[in-house]
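The values are calculated or read from the model by the stated rules, or taken from the named source; none is laboratory data. Everything numeric in this text was worked out from a predicted model, so none of it was measured. Cβ atoms come from the backbone with ideal geometry, glycine included; neighbour counts cover every protein chain shown.
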C-alpha cells in the first residue's frame, strides 16, 4: 500500500468525529453526509492539513507538468552500445543530455549528448515517422 494512503487512513481515524468542521465550509462534515461526499471532503481536508497531504498535492502538480518520451527497443540498444563505447574509452559513462524536438509536427527528433565525450548520438529514425 502506498505511503500516502496509509497516512490518509491514519489521519481519517484520528480526525473523524460525529462532526468534523471544515473551516472553509458553512456545512459540517458529518456521518450523515453521503459516503462519497464524506470521503471526498475528508480527503480534501487531509490534503490541506497534513504534511503528507501537501506532498501528495505537489506530486500531482508535478505529474501534470511532466512530459515523458520513451525509446523503443532498437533505440535503447543503440544508446547502450554507444554508452559502452564511451565507458571503454574514458573509463566511465559520464553525464548525458537528452533532447526531444518536434520534427515539424511529423515525428520526434531524439538526440543524446555526452558531456564526457563531447559527442552527440542521433537516435532519430525518420523511416518510423
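Observations on the structure shown:
- Any hit, the stretch 82-99, residues being in contact with a helix residue (DSSP H, G or I) (Cβ under 7 Å, 6 or more places away or on another chain) and outside the structural domain of residue 10 (by TED's automatic domain parsing): yes
- Hits in the stretch 23-74 (condition: in contact with a helix residue (DSSP H, G or I) (Cβ under 6 Å, 6 or more places away or on another chain) and at pLDDT 75 or above): 42, 46, 47, 50, 52, 53, 56, 57
- Some residue of the stretch 104-111 being closer than 15 Å to residue 75 by Cβ, at pLDDT below 95 and in contact with a helix residue (DSSP H, G or I) (Cβ under 8 Å, 6 or more places away or on another chain): yes
- Strands (runs of 3 or more DSSP E) wholly inside the stretch 28-129 that include at least 3 residues being over 20 Å from residue 9 (Cα atoms) and in contact (Cβ under 8 Å) with a residue 24 or more places away in the chain: 108-114
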